[in-house]
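Asker: Got a structure here, written out as structure tokens. Questions coming.
Every read-out reported here was derived from the displayed coordinates using simple, explicitly stated rules and does not represent laboratory data. Bear in mind that the values here come from a model prediction, so they are computed numbers and not experimental data. In this analysis, Cβ positions are derived from the backbone assuming ideal geometry, glycine residues included, and neighbour counts consider all displayed protein chains.
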Amino acid sequence: MHGVTLGELLTGIVIIGIITGLGVPNAVALGDRLAVERQTAAVMHGYQHARLAALTTLQPARLTVRPERMTVYLLGSRGGVPDSSLAWEAPGVAGQGVVLRSSPGPVTIVPSGLATGVANGRYILEKGGISRTLIVSRLGRLRIER
């Protein structure tokens, strides 16, 4: 006789169910971790873009990180009147399903490269059970806290 018995078939189904039950949550957690890491890197990229813009144009640059978008504006003046121009824009962290729990508000980078308007400000990004904290120091340095 060829074929399998009902007991063998049920054993195979139970083993496949156990493997799937163990693998699917890990795959979801991996996806969440990758999304949070990707968006943390995007915020860091925006910060570095603001810093470079301030250093190269010798004008203050203001980085604003919101869930829907991130922007860098160059802050200058024309004829004594304050003027700002958009230097960079990117989608915010919400596009990947990441939640921005905390943001220090707009950070201004002066032409020397130092950050003003923030003293150890924290960007907290979360998705699922994964959380990353990006800290901007008074000197304008970035640090990731896990």
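Asker: Please build a GNM for the chain, connecting alpha carbons under 10 Å apart, and tell me which residue among Thr108, Thr133, Thr11 fluctuates the most.
Answerer: Of Thr108, Thr133, Thr11, the most mobile in the Gaussian network model is Thr11.
Asker: So, one more: Set Lys and Arg Cβ to +1 and Asp and Glu Cβ to -1, take the dipole of the chain about its Cα centre, and tell me which of Ala27, Leu6, Tyr47 lies farthest positive.
Answerer: Tyr47
Asker: Right, here's the next one. Spelling out what I want: for every residue of region 62-73, take phi, set θ = phi - 60°, compute 6.51 cos²θ - 1.76 cosθ + 1.60 (Karplus), and round to whole Hz; glycine and proline get x.
Answerer: For region 62-73, the Karplus curve yields 10, 9, 10, 10, 10, x, 8, 6, 10, 9, 10, 10 Hz.
Asker: Give me the number: length gained by fully extending Thr116 to Leu52, i.e. 0.36 nm times residue separation minus the C-alpha to C-alpha distance, one decimal in nm.
Answerer: Computed gain between Thr116 and Leu52 is 21.5 nm.
Asker: Further, regarding this structure: Could you tell me how many degrees, from 0 to 90 and to the nearest 10, lie between the Cα long axis of helix 6-57 and the main elongation axis, the longest principal axis, of the Cα atoms of the chain?
Answerer: Once rounded, the angle reads 10 degrees.
Asker: Follow-up. Using Cα-Cα distances under 8 Å and only pairs 6 or more residues apart, what relative contact order does the chain have, in percent?
Answerer: The normalised contact order for the chain reaches 20 percent.
Asker: Counting other C-beta atoms within 10 Å, which of Asp83, Asp32 has the fewest, and how do the rest follow?
Answerer: Asp83, Asp32
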